[in-house]
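Have a look at the structure below before the remarks.
The values are calculated or read from the model by the stated rules, or taken from the named source; none is laboratory data. Treat the numbers as computed from the prediction; the structure is a model and nothing was measured. Note that we place each Cβ from the backbone using ideal geometry, even for glycine, and neighbour counts take in every protein chain shown. Heavy atoms of the whole protein, side chains included, go into the accessibility calculation; ligands, DNA and RNA do not. Shrake-Rupley method; radii C 1.70, N 1.55, O 1.52, S 1.80 Å.
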Amino acid sequence: MNRVIGFLCLVVLSSCMTDEEKKNALLLDGNTLFRDGFHKAAIQKYRDALELDSCYADAFNNIGVLYAERNNVNLAIDYYTSALNCNQDFIPAYLNRAKLLDETNQLFMALDDLSYVDKIKPDSIFVILNIGMVQAKLREYNKAMESFSRILRLDPENPEALVNRGTVFYYQGEFDLAETDFRAALMYNESQAESWNGLALLDIKKGDFNSALEKLDRALALSRNEPYFLNNRGYAKLMTGNIEDAEGDINESIARDSRNSWAFRNKGWYYYLTGDTTSAIGLLKQAYEMDPFTENTAYMLGSIFEQSGDIGMACKWYSLSAKEGNLNAKAKSSNFCR
């Protein structure tokens, strides 16, 4: 979600301005300074506006945006909340706060903010799309599916809704339906990088890693340095034996987004393939702790412990993988957990 900052119409300055006109002029000055990169001066203009009106929602919201730009998440959220305390229907502050809550994995609270906006501004595709993406992160797949389908009832050719619904189909194991949505998204927007990434994931599922690499190259040509695409390409390179290039992609992915458990899983598997078992186990465990649903992490750990002869640990990790539905792990756990 893009942060929303309120811009007011130009007011005519005069020596006999009312307080209302003065605070609006200060807000406008702050917005101009913000656009020009003078953030400290912009904040002062907004504070001056608050001296005239201590419950000026626009000023609180815009200060929040500036602190969000500085990655001061808690303070930004506090200012958005102050804006909402002044005006409980101030949509920009809800959207801005939801963005930060989403980014900091406070997903239920983000969903609350987005759902409130949906009530007061129904049929906003932007809002519904973000609701669906948060629901997908919460693994509320049926609800996410309904949100994306709701968009497609409003706009049948919306590529973002198609690619996100395709992603939900992918997570639910409905791979044919996922492919249909990914290809439909590309039909309406051939520059939809996420669709190429989705099709690459389907190729990886099929074991067609060379085809996956072609699609991931296309995705990265459209969205250069996107960490998730880099990580997926790194994994495909690992599986084709291009280990050195794989490490570069995975390292770059982690550098750009250190919250992606899949990248740590792949770096762990890289270490395993290069013979560094200790580092492999450490990173795979880290990936599992970050998100136990990171696919095949438990199975990879079981495989490493099996090969090292640690039957007890192999049993533990194969059993966890079996609970996730991995059929190979079920067979392994029956052998190692007697």
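Taking the criterion of being of a type outside the set (Asp, Glu) and either open to solvent by 60 Å² or more (accessible area, probe 1.4 Å) or part of a helix (DSSP H, G or I) (or both), the residues of region 293-309 that qualify are 293, 297, 298, 299, 300, 301, 302, 303, 304, 305, 307, 308. Of the residues making up region 79-95, just one is out of contact with any helix residue (DSSP H, G or I) (no Cβ under 8 Å at 6 or more places or on another chain) and either open to solvent by less than 60 Å² (accessible area, probe 1.4 Å) or not in a helix (DSSP H, G or I) (or both), namely 88. Among the residues of region 155-172, not a single one is surrounded by fewer than 16 Cβ atoms within 10 Å (Cβ to Cβ) and of a type in the set (A, V, I, L, M, F, W, C).
Residues considered: 114, 95, 84. Of these, the only one that is in contact (Cβ under 8 Å) with a residue 60 or more places away in the chain and out of contact with any Lys or Arg (no Cβ under 6 Å at 6 or more places or on another chain) is 95.
Figure legend. Inter-residue proximity from region 65-78: first residues part of a loop (DSSP other than H, G, I, E, B), second residues open to solvent by less than 60 Å² (accessible area, probe 1.4 Å), beta-carbon distance below 8 Å, spacing 6+ or different chains. Indicated pairs: 70/39. List the residue pairs whose Cβ atoms are under 7 Å apart, where the first residue sits in region 156-175 and is modelled with pLDDT under 95 and in a helix (DSSP H, G or I), the second is open to solvent by 20 Å² or more (accessible area, probe 1.4 Å) and of a type outside the set (Asp, Glu), and the two are 6 or more positions apart or on different chains. Hits for this filter: 171/141. Taking the conditions (1) in contact with a Pro (Cβ under 8 Å, 6 or more places away or on another chain); (2) closer than 30 Å to residue 308 by Cβ in turn, residue 256 satisfies each one other than (2).
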